[in-house]
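The values are calculated or read from the model by the stated rules, or taken from the named source; none is laboratory data. Everything quoted here is computed from the prediction, not taken from an experiment. Here the Cβ is made from the backbone with ideal geometry for all residues, glycine too, and neighbour counts use every protein chain on show. These area figures cover heavy atoms from the full protein model, side chains too; ligands, DNA and RNA do not enter into them. Shrake-Rupley method; radii C 1.70, N 1.55, O 1.52, S 1.80 Å.
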Amino acid sequence: MSVHTAVNITEEQKKSFNDEGFMILERVIPDEMLAMLRDECKDFIDKEHAAMDKAGTDTIRGNIRDKRYFIAQRYKQGKRLHEFLFSEEMAEICRATLGPDAYLMYEQWVVKGAEQGMKFSWHQDSGYADFPHKRYLTCWCALDDMTVENGTAYILPFSRTGTRGVQPHVREGLDMVGYHGADPGDPVLVPAGSIAVFTSHTFHRSGFNTSSRMRRVYVVQYMSEVMVDPDGK
């Protein structure tokens, strides 16, 4: 049985979220839940490697062996992921940011391999959706201690971007890029079990993993209403 703990979100943190587009919640994922997420992450990477071996390649579905992995929308295949996604901890975060109603929108493992994990360019999550939609919530869940060396995320506060709206993005390789300024952003330097909570309009990026260990993050997104694309889906 999972152990749940209350997430104490302060008024100062709520103000940061509302004014600057993000807040940092340190050590809010219970240890038992953190261990479960790490185990599930390993299982999904092992499945990607098996698929690569079968296909005789090191690149499949956008994943590059030992460099970076995007493993998305697999929670129904997981053993216990639902315990985290619909936990009281995540419900408290949604209530503090989205309000009383929240829907799971998307979930994705973002993993960088040791010593060669690739970077991600400046973008807004809403920059990947090419149709109008209501701003949604991203919870960037650190499964490892996050450092500059292992390629942590950097966040650009609203007050330094000069806008709260979605900016035009252009594709550069595998990435969509929406900010080309000189501001390096603020690094998310947090211990494992922490969550960086930001809006889908908040610019963020991440660096290379130059450390000797893998860097694992579980990204979960929620919305306050069902998102419908132009095709009505």
Within the range 174-233, restricting to residues that are farther than 17 Å from Met23 by Cα and among the β-branched types (Val, Ile, Thr), the one that is modelled with the highest pLDDT is Thr210
Please state which of the following conditions Asp58 fails to meet, knowing it meets all the rest: (1) touching a helix residue (DSSP H, G or I) at 6+ places or on another chain (Cβ under 7 Å); (2) open to solvent by 40 Å² or more (accessible area, probe 1.4 Å); (3) under 26 Å from Met227 (Cβ atoms).
(3)
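Taking Met176, is it open to solvent by 40 Å² or more (accessible area, probe 1.4 Å), at negative phi and within 17 Å of the chain's Cα centre (by Cα)?
So Met176 fails the test.
Taking the residues in the range 1-19 that are open to solvent by less than 70 Å² (accessible area, probe 1.4 Å) and aliphatic (A, V, I, L, M) as candidates, determine which candidate is modelled with the lowest pLDDT.
By that ranking, first place goes to Val7.
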Restricting the range 149-161 to residues that are of a type in the set (S, T, N, Q) and surrounded by 19 or more Cβ atoms within 10 Å (Cβ to Cβ), which is farthest from the chain's Cα centre (by Cα)?
Thr161
Collect the residues in the range 154-189 that are out of contact with any strand residue (DSSP E or B) (no Cβ under 8 Å at 6 or more places or on another chain) and within 22 Å of Ile29 (Cα to Cα), keeping them in residue-number order.
Leu189
Please identify the pairs in which a residue from the range 128-143 that is closer than 19 Å to Arg171 by Cβ has its Cβ atom under 9 Å from the Cβ atom of a residue that is open to solvent by less than 40 Å² (accessible area, probe 1.4 Å) and in a strand (DSSP E or B), counting only partners at least 6 apart or on another chain.
Tyr128/Met176
What are the residues in the range 195-216 that are outside any loop (DSSP other than H, G, I, E, B) and within 23 Å of Arg160 (Cβ to Cβ), if any?
Ile195, Ala196, Val197, Phe198, Thr199, Phe203, His204, Arg205, Ser206
Checking Ala192 against (1) under 25 Å from Ile29 (Cβ atoms); (2) of a type in the set (A, V, I, L, M, F, W, C); (3) in a strand (DSSP E or B), the condition it does not meet
(3)
Which condition number does Pro168 fail, the rest of (1) of a type outside the set (A, V, I, L, M, F, W, C); (2) part of a loop (DSSP other than H, G, I, E, B); (3) under 20 Å from Thr210 (Cβ atoms) being met?
(3)
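Results for (1) among the basic types (Lys, Arg); (2) without any contact (Cβ under 8 Å) to a residue 24 or more places away in the chain; (3) surrounded by fewer than 21 Cβ atoms within 10 Å (Cβ to Cβ), shown as yes or no for each residue.
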| site | (1), (2), (3) |
| --- | --- |
| Gln167 | no, no, yes |
| Phe208 | no, no, yes |
| Arg213 | yes, no, yes |
| Val217 | no, no, no |
| Val220 | no, no, no |
| Ser224 | no, no, yes |
| Pro230 | no, no, yes |
| Lys233 | yes, yes, yes |
Can you run down the residue pairs with Cβ atoms below 9 Å, 6 or more apart or on separate chains, where the first is in the range 60-73 and under 14 Å from Arg215 (Cβ atoms) and in contact (Cβ under 8 Å) with a residue 40 or more places away in the chain and the partner is β-branched (Val, Ile, Thr) and buried (at least 17 other Cβ atoms within 10 Å of the Cβ)?
Arg68/Val110; Arg68/Val111; Tyr69/Ile45; Tyr69/Val110; Tyr69/Val111; Phe70/Val110; Phe70/Val111
I'd like to know if the range 186-195 contains one or more residues that are among the hydrophobic types (A, V, I, L, M, F, W, C) and open to solvent by 30 Å² or more (accessible area, probe 1.4 Å).
yes
Please determine whether any residue of the range 26-39 is under 19 Å from the mean Cα position of the chain (by Cα), charged (D, E, K, R) and farther than 30 Å from Gly185 by Cα.
yes
